[in-house]
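Coordinate-derived values only; no laboratory data. No experiment lies behind these values; they were computed from the predicted model shown. Counting neighbours? That spans all protein chains shown, and the Cβs are built from the backbone with ideal geometry, glycine included.
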Amino acid sequence: MTILRLSPATSFVGTTDVARSRAFYRDVLGFTLIKDDPAGLLFSLYGAMLRVSRVEAFAPQTFTVLGWTVDDLVTEILPLAQRGVTFERYPDLEQDERGVARFPNGDRVVWFKDPDGNVLSVTQLG
């Protein structure tokens with residue numbers, strides 16, 4: 001049996017501008033910076049870790065690379081909007097005035113991007 005299932009996960013995203021990413025993940029999203037080294041940044045996600053890797057060139061994915069599941073979506077996204085986060089609009093999805101999409105199973109999701117274009121999401125399960 002492996003102990004990986006008992007160990008906290010670390011997620012990874014890339015950045016070409018460490019200072020900009022530091023400000024976004026620390027000041028806008030409110031995560032605690034654990035380490036700033038030549039490889040990049042390491043943040044505590046309160047139960048998991050996020051490594052923002054320093055890269056020379058970067059092309060973001062078109063899908064969500066990092067997301068959070070919350071109990072109350074609106075309560076979580078209002079402070080983000082107040083700190084300048086812009087929520088993405090997708091032409092194939094019906095979204096409310098805040099950018100929240102509601103799915104047939106009751107899930108509600110909003111998407112936004114970090115400074116490098118990584119797609120992030122916040123979900124409230126239905």
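Arranged from fewest to most other beta-carbon atoms within 10 Å of their beta carbon, V109, V55 become V55, V109. Can you give the net charge of the other residues whose Cβ lies under 10 Å from the Cβ of V13, counting K and R as +1 and D and E as -1? Local charge sum for V13: -1. What the Cα convex hull of the chain gives, in volume per residue, is 141 Å³. Distance between the 7 Å Cα→Cβ label points at E88 and F103: 1.4 nm.
Counting only Cα atoms, the size of segment 59-126 along its three principal axes is 32, 26, 20 Å, in decreasing order. Axis of helix 73-82 versus longest Cα principal axis of the chain: the two differ by about 70°, to the nearest ten degrees.
Bridge orientation summary for the chain: considering DSSP beta bridges with both residues in this region, about 65 percent are antiparallel. The fewest-to-most ranking of E56, E94, E88 by surrounding Cβ atoms within 10 Å reads E56, E94, E88.
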